[in-house]
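Worksheet for the structure shown next.
The values are calculated or read from the model by the stated rules, or taken from the named source; none is laboratory data. A quick note: this is a predicted structure, and the numbers were derived from the prediction, not measured. Cβ atoms come from the backbone with ideal geometry, glycine included; neighbour counts cover every protein chain shown.
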Amino acid sequence: MHPFKDIGLASRHHTMTDLWQNAMDHAVALARKAGSLVRDAVQNDMKVMLKSSSVDLVTKTDQKVEQLIIDSVKEKFPTHSFIGEESVAAGEPCVLTDNPTWIVDPVDGTTNFVHGYPFVAVSIGFAVDRKLEFGVVYSCIEDKMYTARKGKGAFCNGQLLNVSDQKEISQSIIATEFGSNRDTEVVDKIFSSMRKILCLPIHGIRGVGTAATNMCLVASGCVEAYYEIGIHCWDIAAGAIIVTEAGGVLMDVDGGPLDLMSRRVVAANNKIIAERIVKEIDAFTPLRDDASTETED
């Protein structure tokens, strides 16, 4: 092959790589700015509104932060697409295409935020050709900036992240959440799964009230796995690539590959732990994100 035959293709690839790095740098700056708004709001009274139920909350801060991110992205990257929790709640479509797409949860952990529980995150995922290119999760109150770029590793405040090397489920901590669905049949399945996993036995079950942060805890090696049914693509998009870039694995609760729109996820330090958890989950199938405008925190 002539040494210069593919130089045009290589040059275009390099240009696109630089463009996505530019987008990631912008996402980090936006997450930090959004986090500042969240911290300021924690100190003040906030107006709380309801979405799908009395436990599915939204605040003016959620809406303000998302609008800040949308406006900034549209100005800097006008051809890019956007999927945001509050936009979807307002009736915008939730469709992931091949176009560069920002997948955003402006305040992941709204219930925590409302109650002053100190785990609230700004989550920004970015996909191209329906594949995640980078993820940014800013845990605002902790001031922890988690970042990952495809093929470049995962970091927290600049420090390289690695998942736990634990292979024994009995020596593991597993994270999960109850979600905001209070249908008794769903709640029974959630409790059943937790009981079976807890009694394997494992060291314990934890959950900080935000999917994005739970996934970052997997990436950090603090917990061995996180699973949940009922979350949304904007809850897990950024965290998903942070987990894989830290050496972890992702799958559906049925053991198949992760589908961002399915509202089901298992994120783990390795396949052994992930598959052991899958065996104990009483799975159910929520309405897909790309088939509904329903939202949950």
Sort out which residues of the stretch 205-234 are in a loop (DSSP other than H, G, I, E, B), hydrophobic (A, V, I, L, M, F, W, C) and within 16 Å of ALA268 (Cα to Cα), and write them in order of number. CYS222, VAL223
Being modelled with pLDDT under 95, of a type outside the set (Gly, Ala, Ser) and not assigned by TED's automatic domain parsing to the domain that holds THR110 is true for just one of ASP252, ASP259, ASP282, ASP297. Which residue is that? ASP297
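Residues to consider are VAL73, VAL163, VAL104, VAL120; find the one that is over 27 Å from GLY221 (Cβ atoms) and touching a residue at least 12 places away in the same chain (Cβ under 8 Å).
On the way: VAL163 fails: over 27 Å from GLY221 (Cβ atoms); VAL104 fails: over 27 Å from GLY221 (Cβ atoms); VAL120 fails: over 27 Å from GLY221 (Cβ atoms).
When all the criteria are applied, what remains is VAL73.
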Which of the residues spanning the stretch 208-231 are of a type outside the set (A, V, I, L, M, F, W, C) and either on the phi > 0 side of the Ramachandran plot or within 14 Å of the chain's Cα centre (by Cα) (or both)? GLY209, THR210, THR213, ASN214, GLY221, TYR226, TYR227, GLU228, GLY230
The lone condition SER180 fails out of (1) of a type outside the set (D, E, K, R); (2) closer than 28 Å to VAL42 by Cα; (3) in contact with a Cys (Cβ under 8 Å, 6 or more places away or on another chain) is (3)
Residues that are buried (at least 19 other Cβ atoms within 10 Å of the Cβ) and in contact with a Cys (Cβ under 6 Å, 6 or more places away or on another chain): does the stretch 199-220 have at least one? no
Pair list, Cβ < 7 Å and 6+ apart or interchain, from the stretch 126-146 residues that are under 13 Å from CYS216 (Cβ atoms) and among the charged types (D, E, K, R) to residues that are at pLDDT 95 or above and surrounded by fewer than 24 Cβ atoms within 10 Å (Cβ to Cβ): LYS144/CYS156; LYS144/ASN157
Reported set for the stretch 133-190 where residues are of a type in the set (S, T, N, Q), modelled with pLDDT under 95 and under 29 Å from ALA27 (Cα atoms) is SER180
If you check ILE202, ILE241, which single one turns out to be under 19 Å from GLU133 (Cα atoms), aliphatic (A, V, I, L, M) and either out of contact with any Phe, Trp or Tyr (no Cβ under 8 Å at 6 or more places or on another chain) or assigned to a helix (DSSP H, G or I) (or both)? ILE241
If we keep just the residues of the stretch 268-277 that are of a type in the set (A, V, I, L, M, F, W, C) and either buried (at least 19 other Cβ atoms within 10 Å of the Cβ) or not assigned by TED's automatic domain parsing to the domain that holds LEU258 (or both), which is farthest from GLU224 (Cα to Cα)? ILE277
